Amino acid sequence: MNLTEERDRTINQFTKSQFDYKIRLDNELYRHITVRGPDSMNQWHDIVSWPDHLCICGDMGTFTFSRCEDMFPFFNHDKVNIYYWAEKICFTGQCTSPIWTEYDSNLFKEELVEYKEELLKENNDEHLDKLEEIQDQLDGGLDDTSEEGAYEFMYRINEHYEHCGIGFKKPTYNFVWCCEAIRTAVKNYYLTKQ
C-alpha cells in the first residue's frame with residue numbers, strides 16, 4: 001500500500017467515526033473545542049488555539065502547530081496536507097527524530113529498486129558488484145533492516161546518495177488521524193458560524 005492509499009484509509013476510518021463537537025471557548029483567537037464520541041470517551045480530543053498556535057491533544061496524541069496568528073483558517077481546507085502541516089509542528093525539548101513519522105522498510109525497498117534501475121540503464125560493468133549487493137539486500141528480507149542499517153547500506157553502495165526530506169519514513173497513523181481531526185473540527189466550527 002502506498003503512502004497516499006494509507007493516508008486515505010486512515011482518513012476514511014476517521015470519517016466513519018461519529019463525534020460530538022462542543023465549543024467550550026470562542027473568543028476571537030482563543031478557542032477550545034472538545035470532541036468525543038456520543039457514548040464513549042474513545043478517541044476524544046481537544047483542539048485549543050491561541051495566537052500563533054493550535055494544539056490537538058487526546059487519545060491519539062498531542063501535536064502543537066504554529067504558522068499564523070489565527071490558526072483556524074490555516075486548517076480550514078477540504079483535504080489534509082500532511083507534509084506541509086508537519087512543517088508547522090512546534091517541538092519542545094530535544095527530539096532526535098520527528099514524532100510524526102516512522103521508519104518504513106517499503107520506502108527503503110522502493111529506493112533500492114529505483115537505484116538498481118538507474119545502474120542497469122547505465123549498462124556499466126563497474127556496477128556489477130553494486131547490482132549484486134542490491135539484489136542480495138532485496139532478496140534477504142528488507143523487513144529486518146533497521147532505519148540506521150538502511151542508510152548505512154545506501155551510503156555504502158552509492159557514494160553520491162543524498163538523504164533528503166524524511167527519507168525512509170512515513171507519517172504515523174496517529175499524526176494523519178490528528179490532522180484529519182483538526183481539519184474536521186475546524187470545518188464544523190465554521191459551519192456553526194454560518
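The values are calculated or read from the model by the stated rules, or taken from the named source; none is laboratory data. In this text, all values refer to a predicted model and were calculated from it rather than measured experimentally. Neighbour counts run over all protein chains shown; Cβ positions are idealised from the backbone, glycine included. To get the accessible areas, we keep the full protein, side chains included, count just its heavy atoms, and leave off ligands, DNA and RNA. Shrake-Rupley method; radii C 1.70, N 1.55, O 1.52, S 1.80 Å.
Some values worked out for this structure:
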| read-out | value |
| --- | --- |
| Additional length obtainable on full extension of the chain from N76 to E132, 0.36 nm per residue less Cα span | 15.2 nm |
| With Cα atoms, 0 to 90° folded angle of helix 147-157 axis to the chain main axis | 40 |
| Greater than 22 Å apart at Cα, pairs in K79/K187; K88/K193; K121/K169; K22/K170; K109/K169; K22/K88 | K88/K193; K121/K169; K22/K170; K22/K88 |
| Rounded accessible area per residue of the chain, 1.4 Å, Å² | 60 |
| Set of the range 171-194 residues, backbone N closer than 20 Å to the point 7 Å along the Cα-Cβ line of Y151 | 171-172 |
| Cα long-axis angle, helix 3-16 against the chain (0 to 90 degrees, to the nearest 10) | 20 |
| Separation of the I89 and R9 label points, Cα + 7 Å toward Cβ, nm | 2.1 |
| Length released on extending from N42 to Y173, taking residue separation times 0.36 nm less the Cα-Cα span | 45.6 nm |
| R24, R9, ranked by accessible area, largest first (probe 1.4 Å) | R24, R9 |
| Point-to-point label distance, D125-Y190, nm (Cα→Cβ direction, 7 Å offset) | 6.4 |
| Acute angle (nearest 10 degrees) that the helix 128-139 long axis makes with the longest principal axis of the chain, alpha-carbon atoms | 50 |
| The chain, helix-only ellipticity at 222 nm - DSSP H runs n ≥ 4, -39,500 (n - 2.57), divided by all residues, nearest 500 | -13500 deg cm²/dmol |
